[in-house]
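Read through the structure below, which is laid out as structure tokens, and then see the notes.
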Amino acid sequence: MTVLVFLLTALIALGLAFAGLYFWARRVDNYGVVDVAWSYAFAGVAIFYALVGQGWPWRRALIAGLAAAWSLRLGTHLLRRVAGHHPVEDGRYVQLRRDWAGNFAPKMFGFFQLQALSVVLLSLPFLWPALNPAPQMHWLEWVGAALWLIALSGEALADRQLASFKRNAANRGQVCAVGLWRYSRHPNYFFEWLVWVGFFVFACASPWGWTAVIAPASILYLLLRVTGIPLTEEQAVRSKGDAYRRYQQTTRAFVPWFPRRAASLPSAPSNLSHD
């Protein structure tokens, strides 16, 4: 099976799966489920590559295991969050409903299909190792696996800290600035990106593995400029107002670092909404 056939097979299967998911999401009126499906989809693609690829079996098993462990952890975390808030929809999708109000259904269907395409493009770090016949591990693969472990541990810790903060009723409407969240406004996003850097480093030990740079580069762009930090922070400012603006002043958006001193903010207008 050629590389093109691998990618086209994955794309067709995922396109059909995400089309079905779109109609189900429309039925339950909650499009946040696409985040869960996107996360879980990587486990399926990585296992498919490992089963069908002709590379060294131990390498195929390792990269599929790393991908599946990350995919299942993130997907299950998001599933719990979506289920815990249902029928209330994630604020990002509520905003998309407003932004796309004039042509919402076809745009959202296209959005779901873009998720399928993104999974295929981002799966390159799993494909090249599955095709690599070299009968021993390269040092880059060990470095990539170690980086993956550090990043996954950091992401899981950030998620636990945020969940623990939200469970405390006294923190309702407050900004989480404890643990890793004291040093970054989005430590979960930072470590998520670092996971992809680990996958890329692992792939670099295989022929054509350098092309997998599209994965961490795309993830970084999406987190910093598109659906990650921008939409999340817009929602946070709407719901928490000046408390979050002060947090923005003192805490770096992405890469964890020591907090800065906040400048004073002007008084909020009397009609500013605080949830």
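Descriptive notes on the structure:
- One residue from Arg27, Arg59 being part of a helix (DSSP H, G or I) and in contact (Cβ under 8 Å) with a residue 12 or more places away in the chain: Arg59
- Filtered residues of the stretch 2-57 (kept if among the charged types (D, E, K, R) and touching a helix residue (DSSP H, G or I) at 6+ places or on another chain (Cβ under 6 Å)): Asp35
- Ala46 crowded, with 20+ Cβ neighbours inside 10 Å, at pLDDT below 95 and in the same structural domain as Val120 (by TED's automatic domain parsing): no
- Selection from the stretch 62-86 of residues that are touching a residue at least 60 places away in the same chain (Cβ under 8 Å) and among the β-branched types (Val, Ile, Thr): Ile63
- Contact map, the stretch 204-223: residues that are within 12 Å of Leu124 (Cα to Cα) paired with residues that are basic (Lys, Arg) and not in a helix (DSSP H, G or I), Cβ distance under 9 Å, separation 6+ or inter-chain. No pairs are found.
- Scan of the stretch 109-132 for residues that are farther than 30 Å from Leu96 by Cβ and touching a Phe, Trp or Tyr at 6+ places or on another chain (Cβ under 6 Å), ordered by number: Leu127, Trp128, Ala130
- Within the stretch 148-194, tally of residues that are touching a Leu at 6+ places or on another chain (Cβ under 8 Å) and more than 24 Å from Thr227 (Cβ to Cβ): 2
- Annotation note: of Leu127, Leu96, Leu74, the sole residue that is over 21 Å from Gly198 (Cα atoms), surrounded by 15 or more Cβ atoms within 10 Å (Cβ to Cβ) and either modelled with pLDDT under 95 or not assigned by TED's automatic domain parsing to the domain that holds Arg185 (or both) is Leu96.
- In the stretch 135-190, the residues that are of a type in the set (Val, Ile, Thr) and either surrounded by fewer than 17 Cβ atoms within 10 Å (Cβ to Cβ) or outside the structural domain of Gly241 (by TED's automatic domain parsing) (or both): Val143, Ile150, Val178
The values are calculated or read from the model by the stated rules, or taken from the named source; none is laboratory data. Just so you know, these numbers come straight off a predicted model, no measurement behind them. Every residue, glycine as well, gets a Cβ built from its backbone with ideal geometry; the counts of neighbours run over all protein chains shown.
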